[in-house]
1. Exactly one of (1) crowded, with 17+ Cβ neighbours inside 10 Å; (2) not in a loop (DSSP other than H, G, I, E, B) is unmet by A:Thr22. Its number?
2. From the residues in region B:124-173 that are polar (S, T, N, Q) and touching a residue at least 12 places away in the same chain (Cβ under 8 Å), which one is farthest from B:Leu222 (Cα to Cα)?
3. Just a yes or no: is a residue in region A:51-67 under 29 Å from A:Met130 (Cβ atoms), within 16 Å of ligand 1 (Cβ to nearest atom) and in a loop (DSSP other than H, G, I, E, B)?
4. Restrict the check to region A:15-37 and report whether at least one residue is among the hydroxyl-bearing types (Ser, Thr, Tyr) and near ligand 1 (Cβ under 9 Å from one of its atoms).
5. Output the residue which, of all residues in region B:77-92 that are surrounded by fewer than 20 Cβ atoms within 10 Å (Cβ to Cβ) and either more than 8 Å from every other protein chain (Cβ to nearest Cβ) or under 27 Å from B:Ala183 (Cα atoms) (or both), is nearest to the chain's Cα centre (by Cα).
6. Only one of (1) more than 14 Å from the chain's Cα centre (by Cα); (2) more than 16 Å from ligand 1 (Cβ to nearest atom); (3) small (Gly, Ala, Ser) fails for A:Ser208. Which number is that?
7. Considering only residues of region A:68-87 that are within 16 Å of ligand 2 (Cβ to nearest atom) and not in a loop (DSSP other than H, G, I, E, B), which is surrounded by the most Cβ atoms within 10 Å (Cβ to Cβ)?
Amino acid sequence: MTLKLQKLTKTYGGAKALDGVTFSVAPGERVALLGHNGAGKSTLMKIVLGLIPFDGGTVSVLGAAPGASRQGVAYLPENVAFHPALTGEEQIRLFLSVRGEPPRQARDLLARVGLHDAASRRIGTYSKGMRQRVGLAQALIGHPRLLILDEPTSGLDPVSRRDFYALLDGLSAEGASILLSSHALTEVEARTDRIVILSGGRLVAQGSMEGLRHEAGLPVALVVTPATGQGGCLATHLPQAERVGEKLVLSCPANQKLTNLARIAALGPKVADVDVIPPSLEDIYSHFSKRDGQ
Amino acid sequence: MTAILALALAEFRIGIRNRWLAIAVGLMMLFALVLSAAGSGPTGSLGVDRLSVTVASLTSLSVYLVPLMALLMSFDAVAGEVERGTLPLILTYPVSRAQLLAGKALAHLGILTLALVAGFGAAGGLAFALDGQAAQGLPALIRLTLSSVALGATFLGLGYAISARARRPSGAAGLAIGLWLVAVVLYDLGLLAAVVADNGGAFTLQVFPLTLLANPADAFRLYNLSASQATAAAAGVSAAAGAVPVLWSALSVALWPALAFALALISFRKVLP
Ligand SMILES: Nc1ncnc2c1ncn2[C@@H]1O[C@H](COP(=O)(O)OP(=O)(O)O)[C@@H](O)[C@H]1O
Ligand SMILES: [Mg+2]
């Protein structure tokens, strides 16, 4: 395992920021850490990086204690900042030298994150999204085996966000493990192998998107559009359905979806159309995030 | 080592871009030239060459200016990184906190040294141009330059320690100015008061020289005055200069930088990002 946390606990003056968190990240795996503001995501990451001490449990990073094998671990902090007087290229050259890599790679790295043209401008003149890319560029230095990315897509526009996830795909294909945090499930859905949800410092759920969807057991909505003039007739056939304007909305557990579809299909020409609407990602996320009563 | 050099290079660049290099060099040259021009009157009568007299006044200048410049350059070193939020990231890189501090110190000391060499060089050049005997004062000028670099290093280290303890740049700035006032102004005033009150008793004879050695600024002044031929031309603590062996003050000047950096490192290690 690249990263292994067991019963990790951290308190800040009596308040538990992390409470018995256990999970691990395998080589090449992309794990999304989700949670509301203050859930403990940044705290967990700082502990894994060896930046702050923890109170209980065990943490193993690349087989060593946190902070012991810094060569193989890259970090992108939340709201990453740099000295405004340095140019993007100078900043990346510094980071390369400190990692023992040739500084001449700086331009290439900046080009990989789409900052080639701004490389010789001072970081003080960069937008938040551009600083975020500098942060991403430094995290790519020296083929890290574990990337810890704290809200990496905040401040990125949708196109840059897509480019960012494409970069991550390449990294994990090369065997790098990725732990990234976000407060929105919609952002990480398609691009991560596993999701870990923290709420109030506790791990409340983990698994694949499909697994979480299943575990939440939220109802599926079947939206039936009646053929012209058949609305009233359909309503009598589907008494559980709720009328919303022209349409009928039938809410049912996921395992009764097919049965209900069959019933609707049996109504034949009375039905103009049927849409199956699975629970939204936000529904699933709030389900887990609020279950523990924050 | 490459890491330290790379860190120092970046810090040096920052020093150039926020005008620290220009300000430090400009200040040193201005004051050094003004002092050496002003001290040109009574040389011949004392039987001392012009450069030695200049060194005596430059010593007084250094005592005030070098700690001030060093503290102004260093107070932001850790607190500024904490406030900007740049510290957590660099701490996840494979460098130790000692290396981080060494990189900053190398750059800041480089800037300070350039300023000292420029200022003292200009003053020395002026003395040579006006007095054929000025070469006699050359060893004193070299001693002054080296000990000024050591004095700068001491206050850089103390500045880093303050910066790490204060956590905020505004607090660190206040503490830095406070330290400067105490070390180069109030300490001497206090000693003077004690000496006057003691009226030639045990304090003046035994404790006073030690208290001078304990303060890096006083040790610096003591070293340059007692080692130099220009003692007679100097005012102030010159009486004590005779009482303390040169070796002691030299030792204090040389040990303080190490002590200050140890203090800085201990304080920096306590900073949680
Ligand atoms: N330095 C600190 N001192 C005291 N409490 C802190 C500190 N850092 C974080 N916390 C608390 O720990 C909890 C988790 O914070 P954090 O890990 O930043 O959450 P997230 O990144 O998920 O938004 C919050 O309640 C926060 O107030
Ligand atoms: Mg956070």
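The values are calculated or read from the model by the stated rules, or taken from the named source; none is laboratory data. Quick caveat, the model's predicted, so the values are computed rather than measured. All Cβ positions, glycine included, derive from the backbone under ideal geometry; neighbour counts span all protein chains shown.
1. Condition not satisfied by A:Thr22: (1).
2. Filtering region B:124-173 down to residues polar (S, T, N, Q) leaves B:133, B:136, B:145, B:147-148, B:154, B:163, B:170.
Then keep just the ones that are touching a residue at least 12 places away in the same chain (Cβ under 8 Å); that gives B:133, B:136, B:145, B:147-148, B:154, B:163.
On the way: B:Gln133: 25, B:Gln136: 20, B:Thr145: 14, B:Ser147: 11, B:Ser148: 12, B:Thr154: 16, B:Ser163: 28 Å.
If we take residues in region B:124-173 being polar (S, T, N, Q) and touching a residue at least 12 places away in the same chain (Cβ under 8 Å), then B:Ser163 is farthest from B:Leu222 (Cα to Cα).
3. Yes, region A:51-67 contains at least one residue that is under 29 Å from A:Met130 (Cβ atoms), within 16 Å of ligand 1 (Cβ to nearest atom) and in a loop (DSSP other than H, G, I, E, B).
4. Pass one, region A:15-37, residues among the hydroxyl-bearing types (Ser, Thr, Tyr): A:22, A:24.
Now restrict to residues that are near ligand 1 (Cβ under 9 Å from one of its atoms): none.
Scanning region A:15-37, I find no residue that is among the hydroxyl-bearing types (Ser, Thr, Tyr) and near ligand 1 (Cβ under 9 Å from one of its atoms), so the answer is no.
5. B:Gly80
6. (1)
7. Let us first name the residues in region A:68-87 that are within 16 Å of ligand 2 (Cβ to nearest atom), namely A:75-81.
Next, from what is left, pick out any that are not in a loop (DSSP other than H, G, I, E, B): A:75-76.
Working: A:Tyr75: 26, A:Leu76: 23.
Result: A:Tyr75.
Table: residues versus (1) out of contact with any helix residue (DSSP H, G or I) (no Cβ under 7 Å at 6 or more places or on another chain); (2) within 30 Å of A:Leu62 (Cβ to Cβ); (3) surrounded by 13 or more Cβ atoms within 10 Å (Cβ to Cβ).
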position: A:Ser177; (1), (2), (3): yes, yes, yes
position: A:Asp193; (1), (2), (3): yes, yes, yes
position: A:Ile197; (1), (2), (3): no, yes, yes
position: A:Gly211; (1), (2), (3): yes, yes, yes
position: A:Ala221; (1), (2), (3): yes, no, yes
position: A:Val249; (1), (2), (3): yes, no, yes
